[in-house]
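Structure first, commentary second.
Just so it is clear, none of the values below were taken in a lab; they were calculated from the coordinates. The shown structure was predicted, so the numbers you read here are calculated from the model rather than taken from an experiment. Backbone-built Cβ (ideal geometry, glycine too); neighbour counts: all protein chains shown.
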């Protein structure tokens with residue numbers, strides 16, 4: 001009790017103040033999650049709309065209209081500034097939309113591949129998190145697979161799961177791997 005009272009005086013937080021701080025933190029976390037979800041929906045919908053044939057056609061029409069208006073405005077600096085400003089703004093915003101869509105697609109694809117690796121009997125489960133390996137480890141693994149391809153080509157054999165799991169790369173298989181060989 002005495003320790004709790006001294007802690008309360010030292011931090012300046014009583015029971016009510018602690019609850020207020022906790023409430024603020026919870027609201028901020030909720031707002032951040034809500035913002036991310038709204039951006040995810042906006043980015044997905046925007047990429048669907050902007051990636052459509054209709055939007056490509058609209059962009060082509062806008063460029064043609066801009067070019068046709070060139071002689072009318074005497075190919076002035078303002079005429080050029082219109083297209084430069086418009087394309088710069090669109091490009092700047094689309095970088096974020098495209099990157100968000102690509103990150104989500106890449107993450108989803110990686111999870112699907114991880115699930116397939118885990119489901120295939122005889123597959124090296126150490127392959128599941130290759131995207132987290134260093135470049136040196138990836139190069140070593142690529143070299144291992146190139147040697148395997150060369151060995152199989154020399155014997156006129158097609159690669160199969162059992163031949164690929166007989167000689168795994170030491171840096172790929174974790175010690176707690178549950179794959180079968």
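Results, tabulated for the structure shown:
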quantity: Verdict on residue 122 being without any contact (Cβ under 8 Å) to a residue 60 or more places away in the chain and farther than 30 Å from residue 141 by Cβ; calculated: no
quantity: Test: residue in region 134-142 that is farther than 30 Å from residue 39 by Cβ, without any contact (Cβ under 8 Å) to a residue 24 or more places away in the chain and not in a helix (DSSP H, G or I); calculated: yes
quantity: Count of residues meeting criterion [surrounded by 15 or more Cβ atoms within 10 Å (Cβ to Cβ) and farther than 27 Å from residue 36 by Cβ] in region 91-119; calculated: 1
quantity: Verdict on residue 100 being part of a helix (DSSP H, G or I) and in contact with a helix residue (DSSP H, G or I) (Cβ under 9 Å, 6 or more places away or on another chain); calculated: yes
quantity: Residue tally, condition under 30 Å from residue 79 (Cα atoms) and assigned to a helix (DSSP H, G or I), over region 25-68; calculated: 20
